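No value in this document is a laboratory result; all are computed from the given coordinates. Keep in mind the model is a prediction, meaning the values are calculated, not measured. Ideal geometry is used to build each Cβ from the backbone, glycine not excepted, and the neighbour counts take in all protein chains shown.
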Amino acid sequence: MPRRVLVLNGPNLNLLGTREPEIYGTATLADVEALCAERAAEHGLEVTCLQSNHEGALIDALHEARAAGDVLGVVLNAAAYTHTSVALLDAVKACGLPVVEVHLSNPHAREAFRHTSYLSPVAETVIAGAGIHGYGWAVEHLARRG
Ligand code: DQA
């Protein structure tokens, strides 16, 4: 059975393409997920993609990835929960999988409240400010890391 990469997107990322395109670009969530699937396939991997506007659903997905046994790692753009969620921080730690924190924009170049990430201290890797390419690199990293 091929191993999988879990691609998790948080609140408002379902609106990608039309949401503040000057910040987040014009690519859609479907484009992001297709890019991840393409990168993964190049390494003989599959992706499971989930977007949710609900914190608990993202946490549940991390728990399921932990239990599944075939998940190589997680690409996580927790969106605004990045800056608020101790619960997601705990879930990232608990899942025991390598997590790549991805942001389309560079939060450090934006409002002060975006400069704090609850997830960066527990993410293995952080990629920010590269638009959707960051997702492709995150999958690539997990694939090469093995
Ligand atoms: C984001 C950055 C966050 O600050 C913001 O709340 C988002 C998207 C990004 O991908 O640049 O929703 O995670």
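Summary of computed values
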quantity	calculated
Selection from region 100-146 of residues that are of a type in the set (D, E, K, R) and in a loop (DSSP other than H, G, I, E, B)	R110, E111, E124
Single residue of A79, A67 found to be out of contact with any helix residue (DSSP H, G or I) (no Cβ under 6 Å at 6 or more places or on another chain), more than 11 Å from Y118 (Cβ to Cβ) and among the small types (G, A, S)	A67
Count of residues meeting criterion [within 15 Å of R39 (Cβ to Cβ) and of a type in the set (A, V, I, L, M, F, W, C)] in region 98-146	10
Which listed residue is closer than 15 Å to C95 by Cα, away from the ligand (no atom under 16 Å from the Cβ) and hydrophobic (A, V, I, L, M, F, W, C), from L45, L58, L62	L62
Test: residue in region 4-24 that is within 16 Å of the ligand (Cβ to nearest atom), touching a Gly at 6+ places or on another chain (Cβ under 6 Å) and of a type in the set (V, I, T)	no
Residue among A30, A61, A34 that is under 15 Å from W137 (Cα atoms), of a type in the set (A, V, I, L, M) and in a helix (DSSP H, G or I)	A34
Region 66-97, residues that are over 18 Å from A37 (Cα atoms), more than 12 Å from the ligand (Cβ to nearest atom) and part of a loop (DSSP other than H, G, I, E, B)	G69, G96, L97
Region 111-137, residues that are within 12 Å of the ligand (Cβ to nearest atom), in contact (Cβ under 8 Å) with a residue 40 or more places away in the chain and either surrounded by fewer than 20 Cβ atoms within 10 Å (Cβ to Cβ) or over 18 Å from R19 (Cβ atoms) (or both)	L119, G131
